[in-house]
1. Order these peptides, A:27-40, B:140-153, B:215-228, by their mean beta-carbon neighbour count within 10 angstrom, highest first.
2. Run the numbers on the range B:148-197: which residues show a drop of 30 Å² or more in accessible area, chain on its own versus all protein chains together, using a 1.4 Å probe over heavy atoms?
3. With θ set to phi - 60° and the Karplus curve 6.51 cos²θ - 1.76 cosθ + 1.60, what are the ³J(HN,Hα) couplings of the range A:195-208 in order, to the nearest whole Hz, using x for Gly and Pro?
4. Could you put B:87, B:108 in order of accessible surface area, largest first, with the 1.4 Å probe and the full protein assembly present?
5. What's the long-distance tail for the protein assembly as shown, i.e. % of Cα pairs beyond 44 Å?
6. What distance in nm lies between label points placed 7 Å from Cα along the C-beta direction at residue A:25 and residue B:188?
7. Averaged across the residues of A:28-41, what count of C-beta atoms belonging to other chains lies within 10 Å of each residue's C-beta?
8. Using modelled backbone amide H atoms (1.01 Å from N, in-plane), which distant-in-sequence or interchain residues come within less than 5 Å of residue B:222's amide H?
Amino acid sequence: MALLTENGKGCLPDYEVQGAKKVSFSPYSDNGGSVVALAGDDFCVIAADTRLSTGFSIYTREQDKLFPLSNTTILGCSGCWCDTLTLTRLLSARMQMYKHEHQKEMTTPAAAQMLSIMLYHKRFFPYYVSNILAGLDENGKGCIYSYDPIGHCEKTTYRAGGSAGALLQPLLDNQIGYKNQEGVTPAVLTQEKAVAILKDVFTSAAERDIYTGDGISIKIITKDGIKDSSFALRKD
Amino acid sequence: MAFIGKDAVPLWHNGPSPGAFYHFPGNQYGTGGFQKSQSPITTGTSVIGIKFKDGVIIAADVLGSYGSLARYRNLERIMKVNDNTILGASGDYADFQCIKSYVERKILEEKCLDDGFSLKPKALHCWLTRVMYNRRSNFDPFWNNFVIAGLEDEKPFLATVDKLGTAYSDPVIATGYGAYMATPVLRKAYEENSEMSKEEAIELLYKVMQVLFYRDARSFPKYHLGIITKEKGVEIQGPITLDSYWGPAIL
C-alpha cells in the first residue's frame, strides 16, 4: 500500500532496470585558488596561491596561477581550471597578434578592455574564472582591474579574488583602504608594506579556506620589469 | 466519481497512447537524433604514475569493468605513443580506443614527414587538453582521465588531463580511487627520496597496486607497467601478477 500511495497516481512504479546508469555531466569544476593584487604609485604587486584542488582532494601543490601577458601586465586566475587554461591561451595569442600588428606591446588598460570583451563574448556559456589583472598604466602608475566571470570590469587599487576573496577583501579594505578606522592618516603604500601585507593575508586565508594553501607566488611589476618570489603556506 | 480532478488516474498507463505506438524517453529536447553526454560503459579504474631519477613509470591494471561486473580481464590501458612518450587511460575504454586511434594516426602522419622530429610529451599533453576541452564544450565529453609520461629534453615529464580538459603536471599522479589511496603513499615516497632508482620505483608501484587491489572493488591483481628511461626508451612490461593474502577473509 505504501508503494501505491508513494507513486501518487495509484499504480505501481516501473521496475528499476539494472544496467548502464546515467551519470550527470557538468562542464564546470571548482578548482579553488585565491588571487590578491595591490597597486602603488609606481608599482603593482600580484600574488596567487599554488594549490590546485577539487572537492576534498588536492591535484597539485605547485600550480602557478599568474600569467604574464606582457612586460607590464600580469593576469591572476582562479576558478574552473580548464577554462583558465583556455582563456589564458587565447589571451596570449591575441597579445602576440597585437604585438605583430602594431609593433608595440599592448598597454594594461587595453588588455583589460580586451579581457572584458572576451569574457562577455561567452556570456551564455561563460568561462567560470575569477580574473584579476595587474599592471602599470600609460603613466607608469600601478593599476588593477577585477572581473566577474561574464566580463564586468572595475578598476581599483587593491583587490582579493577567488575562493578566499570574500574572506580577504574586508581585511584589505581595512589595512590598505583604511576603511572603518578613526584618527589615522593614510600612508602611501610602499613595496615592502604591500608584500608584507600580502603574506599575512594569505597566511590568514590558508587557516580558514581549504582551497587556499601550500604556497604563494608573488610577482612585483615595476617599470624595470617583473620580479618573482615565493612564500610557503600551510600544506594541510 | 462525479468529479474527476486533475490528479485522476489515467485509464491506460505505460502502454501505447491513442494514435501512437510508444513514447521513447529522452528525445523531447531534440538533440538531432544524437545522444550527447553519455555515461561511461566499459571502464578502467585508476592509473598511477611517479617520476624517478632518470625516468617516469606508470601502472594500470588490466580489468575492464561493466558497472560492477568484471567483464574484460585482459585489457591493456597503457599505450606506447613513440620512443619518448607513453599514455595511460582510466575511464571509458571505448573513448580510450577512439583517442588511441587519433594518436596513432598523428604519429603515422608525422612519420610520413620523415623530418627527424617526433611528438614530444608536452605537445601531446597540450593537444589532448584541447581535444578534451573541445568535447566538454560540446557537452559530449570523452569520459577519461589520461596520464601522459615521457622524456622531454631528457627530463622526466608526468602530467594528466581529465574529461573537462583540466590539465596539470606533478611528480606524482593518480587517477580515480588511486587519487585517494595511492597519492599519499606515492607522495610520501617521493618526498623521502625524489631520486629513486628504476628498481625502487617498480617495487613502490607494486606495493601501491597491491593497496589498490585490496580496497578498490573495481580493480584486478594483474597490471601493466609503462616505463620510460634514457637508456632503454619505452618499455611496456606485463601483465604482472600481484600477490595477495586473503587468509583472514575466509571463515
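The values are calculated or read from the model by the stated rules, or taken from the named source; none is laboratory data. Keep in mind that what you see is a predicted model, and the values were worked out from it rather than measured. Note that each Cβ is placed from the backbone with ideal geometry, even for glycine, and that neighbours are counted across all protein chains shown. The area values use the complete protein model at the heavy-atom level, side chains included, leaving out ligands, DNA and RNA. Shrake-Rupley method; radii C 1.70, N 1.55, O 1.52, S 1.80 Å.
1. Numbers: A:27-40: 24.7, B:140-153: 23.1, B:215-228: 20.6.
Going from most to least packed, we get A:27-40, B:140-153, B:215-228.
2. In the range B:148-197, residues shielded by partner chains: B:164, B:166, B:167, B:168, B:170, B:187.
3. 5, 4, 5, 4, 4, 4, 5, 5, 4, 5, 4, 5, 5, 10
4. From most accessible down to least: B:108, B:87.
5. Here the tail beyond 44 Å accounts for 28 percent of pairs.
6. In this crude label model, residue A:25 to residue B:188 measures out at 3.8 nm.
7. Numbers: counts 2, 4, 0, 3, 0, 0, 0, 0, 0, 0, 0, 0, 0, 0.
That average works out to 1.
8. Here the answer is B:62, B:242, since their amide H atoms fall under 5 Å of that of residue B:222.
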